[in-house]
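Each remark here refers to the structure printed beneath this line.
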Amino acid sequence: MRSRILIAALCAVLGLALWLWALGGADEVAVWAAEGQRAAQESMASALRALRSGTPGALAGLLGLCFAYGLFHAAGPGHGKILIGGYGMGTSVPMTRLALLALASSLAQAASAVMLVGVGALVLGWTRQQMQGAAEVWLAPASYAAIGLIGLWICVRGARRLWRSLAGVKILARRDGDGAHSHDDDDACCGHSHGPTPEQAAAVHSLRDAVLLIGAIALRPCTGALFLLIITWRMGLVWQGVLGAFAIGLGTASVTLLVAVASVVLRDGTLAQMSGATTTRAMGLIEALAGALIAVLALQLLLRAL
């Protein structure tokens, strides 16, 4: 039953991918997202004026518009979706954990915008142009470069996994022919482990991966959050602007979560058709290809930003 559900979900994801990249759907989504962002920004200006004049319900209306802006913003091209989607497709990470990573990375982008405006405005005395310039000229390329390096690292890790699985089959075949003993027997005799268990290694990798992924995405602050924070700081609505920035982050996370779910479905649906050593080799190949895709797309974003 689970296999059938995965296959059906895989077909749905592949159909969506076909519409986006082969039938021009991505261009339609980009136009829709740009129009939505523009409309949300115009409405946010009115909501800020209402908030400043003390209109009841103005804050709730502003936060709703900020969430909508984040949703439209995330629907367009973005480095966060590339990294989260590629990582989910290429790594054996549970859907719940990847969803939390997607949420944390979006909120971290909002937090980095708050930090940039706080330091830039209060400590360095920067103008709006200087803060936006720092985000676009320095932080955006640094974020794309970091994502590209993570992609290369994932690619190398996948290639190593694929190589070990292929080499392991040859070694086991040779041992079976020679009558060699199992290392599991050694562990039982000497009473201690010669290395971390697979569960311990996975825990270390997941924590390290989480820190790297969130850091690389958060390195580039959300432009919409920056714009809102600068305006609210000038209007004397500082904490309202901070709440709005995190509302934008939640809106962004709603789309990134969908990408995370789709990537896990794509991975599990593909692997559901395999078994045994074939699954291990396929997982290494998928991880290497996903890492290479992340690196290539990040390089394209970096070249555009330079």
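The values are calculated or read from the model by the stated rules, or taken from the named source; none is laboratory data. Worth saying up front: this structure is predicted, and the values here are computed from it rather than measured. As a convention, Cβ positions derive from the backbone with ideal geometry for all residues, glycine included, and neighbour counts pool all protein chains shown.
Contact annotation: residue pairs with Cβ atoms under 6 Å, 6 or more positions apart or on different chains, pairing a residue in segment 277-306 that is farther than 16 Å from residue 266 by Cβ with a partner that is of a type in the set (D, E, K, R) and assigned to a helix (DSSP H, G or I), are 284/161. Checking segment 221-243 against the condition returns no match, with no residue being within 14 Å of the chain's Cα centre (by Cα), surrounded by 18 or more Cβ atoms within 10 Å (Cβ to Cβ) and hydroxyl-bearing (Ser, Thr, Tyr).
Scanning segment 57-77 turns up at least one residue that is in contact with a Leu (Cβ under 9 Å, 6 or more places away or on another chain), of a type outside the set (Lys, Arg) and modelled with pLDDT under 75. Restricting 86, 80 to residues that are under 18 Å from residue 251 (Cα atoms), crowded, with 21+ Cβ neighbours inside 10 Å and touching a Ser or Thr at 6+ places or on another chain (Cβ under 8 Å) narrows the list to 80.
Just checking, does segment 234-243 include any residue being part of a helix (DSSP H, G or I), over 14 Å from residue 112 (Cα atoms) and polar (S, T, N, Q)? The answer is yes; a qualifying residue exists. Where helices (runs of 4 or more DSSP H) fall entirely within segment 73-168, those with at least 1 residues that are out of contact with any helix residue (DSSP H, G or I) (no Cβ under 7 Å at 6 or more places or on another chain) are at 95-117, 128-133. Residue count for segment 129-169 satisfying the condition of being of a type in the set (S, T, N, Q) and modelled with pLDDT of 85 or more: 1.
Is it true that residue 174 is of a type in the set (Lys, Arg) and at pLDDT below 85? When the stated conditions are applied, residue 174 passes them. Please tell me if residue 305 is within 29 Å of residue 33 (Cα to Cα) and modelled with pLDDT of 85 or more. Considered against the rule, which asks whether it is within 29 Å of residue 33 (Cα to Cα) and modelled with pLDDT of 85 or more, residue 305 comes out as no.
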